[in-house]
Amino acid sequence: MKLSNATTIIDTFTASASMSTTILSLVVTILLILGVLKLYRRVTNRKTNKNLGALPPGPASWPLIGNLPEVLLCKLSFRWVHQFMAEMETDIACIRVRNTHIIPVLCPEIASEIYKKKDAIFSARPLTLGTQETSGGYLTPIFSPCNDQWKKMRKMLISEVVSPARVKWLHDKRAKEGDNLVLYVQNQYKANKSVNLRLVTRHYSANLVRHANSVIRKYHDPVIHERMRQWRSGQRKDMDDILDVFITLKNPSGHPFLTDDEIRYQLAELMIGSVDNPSNSVEWAIGEMINQPKLMKKAQEKIDRVVGKERLVQESDIGELNYIKACAREAYRLHPFSAFNIPHTSTEDTTVAGYYIPEGSHALVSRYGLGRNPKLWVNPLKFDPERHMNDGDVSLLENDLRFISFSTGRRGCIAGVLGTYMTIMLLARMVQCFDWTPPPNGIDLSEAVDELSPAMPVTAFARPRLPPHLYPTDQN
């Protein structure tokens, strides 16, 4: 009996010891794996090319998947990117997502190296399911590779949409939309209602290509097909909008230059590009100026000095409206509509800022980071148009890339002149025609969590400040 008890005790002890050994082995194995992973992350983070040097600094990455967990968790949030770059005190970094290297950039010298010095190397775009769907299978130039289709569409846009002659042709339509804008705000005043500036600015920008907008809303071709039928039957003979321009273009053989899909997706791309940038900047600018009444008063005085109070501001006045342009520049600097430019993909191994950049890397120049870089700007978070005033003409374009209004380089924005007209006229009309008063609870200019628009639409009360006969009426 005693022997049996002893045996049982020994067996129990042996089993317990065996289990403890198993647990200990498991713990040791886990610690060993974690140690190897940590070492791997350190090693891969210092990955080098013998001829081209080391990758830019960045967060340590996991085997195979790189920084995918962090990217998914943070949704590649620009705030996360800028936070870790600030902690690392670097203006260029490397985030690895599986086999792709994402290269965020925060300073103008490095941005210039990518967009100017090595523009040819960084002229490609990432090929993803999203960009393929958005562009209709890479029919449009923004997301397409640098191939014959890209050259065809870009050349067409330069000659037929944003050429000086076409911009002049569209002048009356822009002027009409400016009048409609003033009329709407005046009607809100008469109804004792506040003005939602986000709604107003986007409506103005969208209406400049309003026929394209109707195509996008319906999107299943009836508008395009009906317009084509009218042209083919001879029922329609005069061009009224961009859709007519696209339909009537011919190739050297006399056949339509653009397919139905090319027209449809190009109109959609024009809508996206023409609405967000100007409308976002003007919403922010007016909100900032209402919160700083001295800025609004000065802007009105500057317009009155150029235009007077017996007519409405026109595009022909833009050259002399330097303070209004400075306000718009400051909005583009401090409040870009997107945190990053569209990625530029490297077509070969290269170096940037002395770092190794592998072929296929996605260079992300940060609009947000450039405009708020304390090395470039005094009090970067303050809205201060005076920082842009100089002895010469003020332009929305920023050739030194201290901020980005319209992108540059081979893949740059081709509609900078048109974008300038839209932005300045929208802002100038709102400033010249009305005095603005914030609502009782004030104007909250905090940013949305995941984007750069105001967290809440800027809303204010408008009051006409010019003689009544200058304001458009419903009969005009």
Check your understanding: Limited to the stretch 221-238, what total is found for residues that are surrounded by 14 or more Cβ atoms within 10 Å (Cβ to Cβ) and modelled with pLDDT under 85?
Key -> 5
Check your understanding: Based on what the data block shows, is V282 at pLDDT 90 or above, touching a helix residue (DSSP H, G or I) at 6+ places or on another chain (Cβ under 8 Å) and closer than 23 Å to H171 by Cβ?
Key -> yes
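Among the residues of the stretch 415-452, write down those that are hydroxyl-bearing (S, T, Y) and either over 19 Å from Q292 (Cα atoms) or in contact with a Gly (Cβ under 6 Å, 6 or more places away or on another chain) (or both). I'd like the intermediate steps shown before the answer.
If we filter the stretch 415-452 for residues that are hydroxyl-bearing (S, T, Y), which is where we start, we get 420-421, 423, 437, 446.
Matches in the stretch 415-452: T420, Y421, T423.
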Review point. Name the pairs whose Cβ atoms lie under 6 Å apart, with the first residue in the stretch 238-261 and in contact (Cβ under 8 Å) with a residue 60 or more places away in the chain, the second loosely packed, with under 14 Cβ neighbours inside 10 Å and not in a loop (DSSP other than H, G, I, E, B), and 6 or more positions between them or separate chains?
Key: F257/K250
Check your understanding: Among the residues of the stretch 196-211 satisfying the criterion of being farther than 19 Å from P454 by Cβ and either part of a helix (DSSP H, G or I) or among the charged types (D, E, K, R) (or both), which is modelled with the highest pLDDT?
Key -> N207
Practice item. Hand me the list of helices (runs of 4 or more DSSP H) wholly inside the stretch 293-388 holding 2 or more residues that are touching a Cys at 6+ places or on another chain (Cβ under 7 Å) and under 30 Å from A124 (Cβ atoms). Key: none
**Study point:** Extreme residue, farthest from I158 (Cα to Cα), among residues of the stretch 250-295 that are surrounded by fewer than 19 Cβ atoms within 10 Å (Cβ to Cβ) and in contact with a strand residue (DSSP E or B) (Cβ under 7 Å, 6 or more places away or on another chain)
**Key:** P256
Exercise for review: Search the stretch 88-104 for residues that are farther than 19 Å from A339 by Cα and pair each with any residue that is surrounded by fewer than 24 Cβ atoms within 10 Å (Cβ to Cβ) and modelled with pLDDT of 95 or more when their beta-carbon atoms are under 6 Å apart and the residues are at least 6 apart or on different chains.
Suggested key: M88/P57
Practice item. Inspect the stretch 311-327 for any residue being out of contact with any Lys or Arg (no Cβ under 9 Å at 6 or more places or on another chain) and at positive phi and give the result as yes or no. Key: no
**Study point:** Residue ID - surrounded by the fewest Cβ atoms within 10 Å (Cβ to Cβ), chosen from residues in the stretch 170-195 that are charged (D, E, K, R) and at pLDDT below 90
**Key:** D172
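Would you check which residues across the stretch 354-410 are of a type in the set (D, E) and more than 30 Å from R98 (Cα to Cα) and list them?
First pass over the stretch 354-410, keeping only residues of a type in the set (D, E): 359, 384, 386, 391, 393, 398, 400.
Listed by number, the residues that qualify are D384, E386, D391, D393, E398, D400.
Being among the aliphatic types (A, V, I, L, M) and touching a strand residue (DSSP E or B) at 6+ places or on another chain (Cβ under 9 Å) is the filter here; which residues of the stretch 372-408 pass it?
First, the residues of the stretch 372-408 that are among the aliphatic types (A, V, I, L, M): 376, 378, 381, 389, 394, 396-397, 401, 404.
Listed by number, the residues that qualify are L401, I404.
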Practice item. Return a yes/no flag: does the stretch 60-70 have any residue that is at pLDDT below 95, of a type in the set (V, I, T), within 18 Å of the chain's Cα centre (by Cα) and surrounded by fewer than 22 Cβ atoms within 10 Å (Cβ to Cβ). Key: no
Check your understanding: Of the residues E330, E269, which is in contact (Cβ under 8 Å) with a residue 40 or more places away in the chain and farther than 19 Å from P454 by Cα?
Key -> E269
Review point. From the set of residues in the stretch 106-142 that are charged (D, E, K, R) and at pLDDT 90 or above, which is nearest to M156 (Cα to Cα)?
Key: R125
Review point. Hey, does the stretch 76-85 have a residue that's farther than 30 Å from L426 by Cα, modelled with pLDDT of 90 or more, hydroxyl-bearing (S, T, Y) and outside any strand (DSSP E or B)?
Key: no
Review point. Just for the stretch 392-422: of the residues that are over 15 Å from the mean Cα position of the chain (by Cα) and of a type in the set (S, T, N, Q), which one is surrounded by the most Cβ atoms within 10 Å (Cβ to Cβ)?
Key: T420
Practice item. Looking for whichever is among the β-branched types (V, I, T), assigned to a helix (DSSP H, G or I) and over 13 Å from E160 (Cβ atoms) here; the options are I224, I247. Which one fits? Key: I224
Review point. What pairs come up if the first residue lies in the stretch 137-152 and is closer than 14 Å to L258 by Cβ, the second is among the basic types (K, R) and surrounded by fewer than 22 Cβ atoms within 10 Å (Cβ to Cβ), and their beta carbons are under 8 Å apart, counting only those six or more places apart or on different chains?
Key: P141/R154
Revision key, fill the gap. By residue number, the members of the stretch 407-427 that are in contact (Cβ under 8 Å) with a residue 40 or more places away in the chain and either farther than 16 Å from D119 by Cα or not in a loop (DSSP other than H, G, I, E, B) (or both) are A415, V417, L418, G419, T420, Y421, M422, T423, I424, M425, L426, L427
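Check the stretch 177-195 and report whether any residue there is outside any helix (DSSP H, G or I) and of a type in the set (A, V, I, L, M). Can you show your working first?
Just the residues of the stretch 177-195 that are outside any helix (DSSP H, G or I), to begin with: 191-195.
Adding the requirement that they be of a type in the set (A, V, I, L, M) leaves 191, 195.
Yes - at least one qualifying residue is present in the stretch 177-195.
The values are calculated or read from the model by the stated rules, or taken from the named source; none is laboratory data. Keep in mind the model is a prediction, meaning the values are calculated, not measured. Note: ideal-geometry Cβ built from the backbone for every residue, glycine included; neighbour counts use all protein chains shown.
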